[in-house]
1. Mind listing just one residue for me: the one in segment 349-407 that is of a type in the set (D, E, K, R) and without any contact (Cβ under 8 Å) to a residue 60 or more places away in the chain and, of those, farthest from residue 270 (Cα to Cα)?
2. Pick from 454, 528: which is at pLDDT 95 or above and farther than 30 Å from residue 424 by Cβ?
3. Are there any pairs with C-beta distances below 6 angstrom linking a residue in segment 472-487 that is on the phi > 0 side of the Ramachandran plot and modelled with pLDDT of 95 or more to a residue that is hydrophobic (A, V, I, L, M, F, W, C) and not in a loop (DSSP other than H, G, I, E, B), with the two at least 6 apart or on different chains, and if so which?
4. Which number in (1) closer than 24 Å to residue 84 by Cα; (2) in contact (Cβ under 8 Å) with a residue 40 or more places away in the chain marks the one condition that residue 217 misses?
5. Show me the strands (runs of 3 or more DSSP E) found entirely inside segment 372-440 where at least 3 residues are within 21 Å of the chain's Cα centre (by Cα).
6. Does residue 97 satisfy the condition of being over 28 Å from residue 332 (Cβ atoms) and buried (at least 22 other Cβ atoms within 10 Å of the Cβ)?
7. Any idea how many residues of segment 293-324 are touching a helix residue (DSSP H, G or I) at 6+ places or on another chain (Cβ under 9 Å), more than 22 Å from residue 251 (Cβ to Cβ), surrounded by fewer than 22 Cβ atoms within 10 Å (Cβ to Cβ) and hydrophobic (A, V, I, L, M, F, W, C)?
8. Evaluate the following for residue 410: is it touching a strand residue (DSSP E or B) at 6+ places or on another chain (Cβ under 6 Å), over 26 Å from residue 18 (Cβ atoms) and surrounded by 15 or more Cβ atoms within 10 Å (Cβ to Cβ)?
Amino acid sequence: MSDLAALARHHGITTEYDDPHGGTRPVPEATLRLILNKIGVDPDTPISGDPAPTEMRVPEDGVCHFPNWLEDALSWGIFCQLYELRSVRNHGIGDFRDLAEMARIAARAGADFLGVNPLHALFWGDPGRRSPFFPSTRSFLNPAYVALDDLPGHDPADIDAGPLRDGDLVDYDAVLPAKLAALRRAYDRRPFDGDETEFDDFVARGGEALRRHALFEALSLKMTAEGHGAGFANWPEPLRDAEGDAVATFARDEADAVRFHLWLQWQAARQLDAAQRAAIDAGMRIGLYLDLAVGEAPDGSARWGDGAAQMTDLAVGAPPDMFAADGQYWGLSAFNPGAFKARDFAPFRDMIAAQLAHAGALRIDHAMALWQLFLIPEGEPASAGAHLRYPFDELLRVLAAESRDKGAVVIGEDLGFVPDGFREAMQAANILSYSILYFEKDGHRFKRPEEYRARALACLSTHDLPVLERWWAGEDIALRRELGLVGEEDSDAHARERTRERRALLDALRATGALRGRLPRQKDMPRAVLVAAYRYLSKTPAALVGVRLADMVGPQAPTNMPGTMDEYPNWRPRARLDLSEIEAHPDFDAVTAMMRRTRPRRA
């Protein structure tokens, strides 16, 4: 295997990785051969060609946009999950009109951005596939967020919204079919408010990629109705080939269905653009802050429509570590770096441009993917995977060019295993790091505000972590125990550590003056701690601070429990309050008033 190992390393494939129990684990020969084949290298040939880069070089034209005003005055914004927003007019799931109104609320509170979950297209035909981080494609939008009452052809009688709005969880099985039917009726009744020129221009700009996505959507619904499923993996063989005769026949026979899905993308883009305009018009300097998933479903639109750009037969995951002894199999499809180069990075460029067309900031989930990804052969355990190096400098050039062209800030989620030098390269490229208070520790001590990075976004938690009140109570530890994700012994140890963490957090808050005075003796977290925690973050040099809406007004239930599927209602908890009630909530008022004082919006 020595020649094979040398060949793999030459092309940026690791041949071993650290064992969490000590030493290293070798990558199976079959994995090395598979990855080499996928990137266009014969595993039985001698080494040739340029080697993969071993250093993270930031080219001069690889620096992202960073606004001058942010150099002079630190800023802040609010995060939420779009689907969780509750209003008297939506249809059981937050929509783009809710997004525009939430942006106005946040802007009035002094925020410069409103961050939301990924808005990528999912699967109409399979409502259970609801994770925004497991999309059908990252290049197009999820039309389930289209506001029906902003469509010229909508009739309120088309959908019974009352039952859809009830409850504390989004009922995707009821909401998606009901909204799709109402959208179709609006399209059939009156698709355009005026002439079709704007729609025709949108379709022309979208080109073949948009047409194929609309074709996939129409086919996916038909295949679901016939019992084959929403993803193409189980479709009849002729329909799995996007360029085949069977698909061409379907496109001709079902031209109106395809046009309907083109119309849905147009309406989604128009309404998302309107939300961004509402944010800017209300005073925000960044506006919407969108989120980019690290990969796509292996049976979705992206892979069906452009399989050559994807790493087929391989899935993204993570190697074994102290938190997951067997590693993690995420099941996501990744870009093929060989196809990147052959196509002048067009798939990556188009994907980034699709996000920044509607936003002033972009968060890149698992930003380390710019440098490498851990790829696992489909059907094999995560321990059989290997890291594959990506053309870091070229990807930076593309990302930076799109960022500068759109005047958009870029944030890289750099949690978990971070390769040596990666954060330094991010800083040099003006990609903001992601600093989470729960994790910003030095031993048992929480880092002081001045120890935070300046080119960073600081926040208390993310969608995979509990809101502060639940963290304080240790409810996340109890839930992991209840779901069987962590054993009894480890859970007991985590609970003891949380008690120490609470004391350490109070010590840190008091030492900086973020928390003053005596706290009431009570089991629940005193409300003063919430304001103090955000005041603590506001004292850091981090360019941006993100305030989680759920910390202030709920929902307090976890957004997502990593390691679960149906055992927990991931991506379903809804806000307790209507949008019209948020500004009057005492916690919202207290936290945002403090943020306005400590990080005022300056002209």
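The values are calculated or read from the model by the stated rules, or taken from the named source; none is laboratory data. The structure displayed is predicted, hence computed values, not measured ones. All Cβ positions, even for glycine, are placed from backbone atoms using ideal geometry, and neighbour counts span all protein chains on display.
1. 394
2. Result of the check over 454, 528: 528.
3. If the second residue must be hydrophobic (A, V, I, L, M, F, W, C) and not in a loop (DSSP other than H, G, I, E, B), the pairs left are 474/495.
4. Result: residue 217 fails condition (1) only.
5. Qualifying strands (runs of 3 or more DSSP E): 372-377, 409-412, 431-436.
6. yes
7. Residues meeting the conditions: 3.
8. Yes: the conditions hold for residue 410.
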